[in-house]
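Chemist: Sending over a structure as structure tokens; questions will come in a sec.
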Number of protein chains: 2
Amino acid sequence: MTEPTLNPESGFRRLRIQLAYDGTNFAGWAKQPDQRTLQEELESAISLIVRAKADSIVAGRTDAGVHATHQIIHVDVPEAELDIENFAYRLNRILDEDLRIFSVKEAPANFHARFSATSRQYIYKIADGAAVVPPIERFDVAPWFRTLDVDALNEASSKMIGERDFAAFCKFREGSTTIRNLTTFNWYRLPNGYLAADVIADAFCYSMVRNLIGAAVCVGEGRFDKDWMGQMLANKVRVSDSYVFPAKGLTLTNVTYPKDEELPDRAAMTLARRIGED
Amino acid sequence: MTEPTLNPESGFRRLRIQLAYDGTNFAGWAKQPDQRTLQEELESAISLIVRAKADSIVAGRTDAGVHATHQIIHVDVPEAELDIENFAYRLNRILDEDLRIFSVKEAPANFHARFSATSRQYIYKIADGAAVVPPIERFDVAPWFRTLDVDALNEASSKMIGERDFAAFCKFREGSTTIRNLTTFNWYRLPNGYLAADVIADAFCYSMVRNLIGAAVCVGEGRFDKDWMGQMLANKVRVSDSYVFPAKGLTLTNVTYPKDEELPDRAAMTLARRIGED
């Protein structure tokens, strides 16, 4: 892994790129040998255009099978090769249809896609009650046999809100904090009848969203009572991996950043607090 | 091809099955040697359950790449093997996720999925103006570089409405009439900005919807004036195949039938009028 640099090198400009993908046929964001990954395909395409090696930094390193409708990266490119007007169009000509570029903008030198981000927003969709999923909609919805109770889901989930230690819902990583500020965890029915959860935090630990979804579903189907999630959180007892919900239901829908003039402090602060995590 | 029988044989019951599919990875509805087709996969699955050969009749024989959110077939199955309660569930256990069964009902003996149908409804979706298509939505939308004018599309398309000879928009087939009753051909913007056309007729000739869409787009982008489609229709001059729009943007969304007590006359009438066509 390339270490993130906070500022572009001399002779380089920093680009902020907004993109979306269908994660179905990708082995996740991060480069892996002999795997089709988002990072590899995107960096290769950028390299072709700027005729230089391109190392990207991403806001949310999504797992294999997870989708994004709004993901952000930054990448530093040589000033000499910078045709920003046509950059998105040229990238889309190179990339496959399951990875699309929505915008390419020049960013302030101190913009950092990962450490400057103030929030990540996900949606998780479930077709519960053994609903038959229309084929054209099958890629970003997880099926579930039992019918789930939206009120029970919300009662359990609302107790997760706040700046807390989410150790119970995070895969352990040496030297990483599991404290996160969860600001939204709200369940509702979509017009087509699917269950959806909006989940927003300053950042998430590895597999945290899918852990939270799986735990809430245990309550929503009546397997555990409404206090169970809160108890797990308080006890910091890692919930069973068998409750982790599948990647296909999960989509990154937004990443937010402070205004340009507030960038430097935020990036430095985030970097100091939890280097090595999203 | 098996000849359609108007009524089930003795000892058989007629089933009416509602289904949906993502046509992306199918070589269309109709069976073809060494191809993955909807008819083949569905009849094979039904055969497994009823332990007998199953010949289906479909309402709309969609082309390779065309989708359906609401398609209807009928099939006659042996009475002895009829567990209608679990039929849909068992079919879905056998079929792949890109072909789903929504309901299986016993139909009157004189119900005929193809000849009893009184209308077929399609939607065609276009991402015009070189819009970048979000990857998760890419399967049922056709991209188009130029921006299209909804008013011009509707002005040209509205002149197609009525019972007319659509020879200009139909591939020629020996012994088939090209007279159809087009009741709806209406363009509008979807909430996500895509252009959509609802197209409804009693029945359609082969590739008629995609011909009409392609011709309307010629007017919608200003290549031809608003009377051009009407002139083509009146002259019965076959429009160029280069105007046929791609299959991926087309979805069968509904098929309607008369009430059960009105079934016999309708089927007989339709059969007499245009045997060998949809």
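The values are calculated or read from the model by the stated rules, or taken from the named source; none is laboratory data. All values reported here derive from a predicted model rather than from experimental measurement. Positions of Cβ are backbone-derived with ideal geometry, glycine not excepted, and every protein chain shown enters the neighbour counts.
Chemist: So A:Glu43 passes all but one of these: (1) touching a Ser or Thr at 6+ places or on another chain (Cβ under 6 Å); (2) within 14 Å of chain B (Cβ to nearest Cβ); (3) farther than 26 Å from A:Val244 by Cβ. Which condition number does it fail?
Modeler: (2)
Chemist: Right, another one. For the range B:130-145, give me each residue that is outside any loop (DSSP other than H, G, I, E, B) and either without any contact (Cβ under 8 Å) to a residue 24 or more places away in the chain or at the interface with chain A (Cβ under 7 Å from one of its Cβ atoms) (or both).
Modeler: Residues satisfying the conditions are B:Pro135, B:Ile136, B:Arg138, B:Phe139, B:Asp140, B:Pro143.
Chemist: Residue pairs, Cβ under 9 Å, 6 or more apart or interchain, first in the range A:237-260 and polar (S, T, N, Q), second assigned to a helix (DSSP H, G or I) and buried (at least 17 other Cβ atoms within 10 Å of the Cβ). List them.
Modeler: A:Ser240/A:Gly214; A:Ser242/A:Gly214; A:Thr251/A:Gly23; A:Thr251/A:Asp140; A:Thr251/B:Ile136
Chemist: Here's a follow-up. Would you be able to tell me the number of residues in the range B:207-226 that are of a type in the set (Asp, Glu) and either under 20 Å from B:Cys170 (Cα atoms) or touching a strand residue (DSSP E or B) at 6+ places or on another chain (Cβ under 6 Å) (or both)? Show your work before the answer.
Modeler: Taking the range B:207-226 first, the residues of a type in the set (Asp, Glu) are B:221, B:225.
Subset that is either under 20 Å from B:Cys170 (Cα atoms) or touching a strand residue (DSSP E or B) at 6+ places or on another chain (Cβ under 6 Å) (or both): none.
Counting residues in the range B:207-226 that are of a type in the set (Asp, Glu) and either under 20 Å from B:Cys170 (Cα atoms) or touching a strand residue (DSSP E or B) at 6+ places or on another chain (Cβ under 6 Å) (or both) gives 0.
Chemist: Which condition breaks for B:Ile126 when tested against (1) of a type in the set (A, V, I, L, M); (2) in a loop (DSSP other than H, G, I, E, B); (3) under 21 Å from the mean Cα position of the chain (by Cα)?
Modeler: Unmet condition: (2).
Chemist: Okay, moving on. Residues in the range A:79-92: is at least one touching a Phe, Trp or Tyr at 6+ places or on another chain (Cβ under 9 Å), hydrophobic (A, V, I, L, M, F, W, C) and assigned to a helix (DSSP H, G or I)?
Modeler: The answer is yes; a qualifying residue exists.
Chemist: Taking into account only those residues within the range B:101-116 that are assigned to a strand (DSSP E or B) and surrounded by fewer than 21 Cβ atoms within 10 Å (Cβ to Cβ), which is farthest from the other protein chains (Cβ to nearest Cβ)?
Modeler: Checked the range B:101-116; the qualifying residue farthest from the other protein chains (Cβ to nearest Cβ) is B:Glu106.
Chemist: Before we move on, is B:Glu174 surrounded by fewer than 17 Cβ atoms within 10 Å (Cβ to Cβ), of a type in the set (D, E, K, R), closer than 20 Å to B:Gly230 by Cα and assigned by TED's automatic domain parsing to the domain that holds B:Pro143?
Modeler: So B:Glu174 fails the test.
Chemist: While we're looking at this one, here's another question. Conditions: (1) at pLDDT 95 or above; (2) out of contact with any Leu (no Cβ under 7 Å at 6 or more places or on another chain). A:Gly222 meets all but one. Number of the miss?
Modeler: It is condition (1) that A:Gly222 fails.
Chemist: With respect to B:Asp22, determine if the residue is in contact with a helix residue (DSSP H, G or I) (Cβ under 6 Å, 6 or more places away or on another chain), buried (at least 21 other Cβ atoms within 10 Å of the Cβ), touching a residue at least 24 places away in the same chain (Cβ under 8 Å) and among the acidic types (Asp, Glu).
Modeler: yes
Chemist: Looking only at the range B:183-205, which residues are touching a helix residue (DSSP H, G or I) at 6+ places or on another chain (Cβ under 9 Å), in contact (Cβ under 8 Å) with a residue 40 or more places away in the chain and of a type in the set (D, E, K, R)?
Modeler: Scanning the range B:183-205 gives a single hit, B:Asp202.
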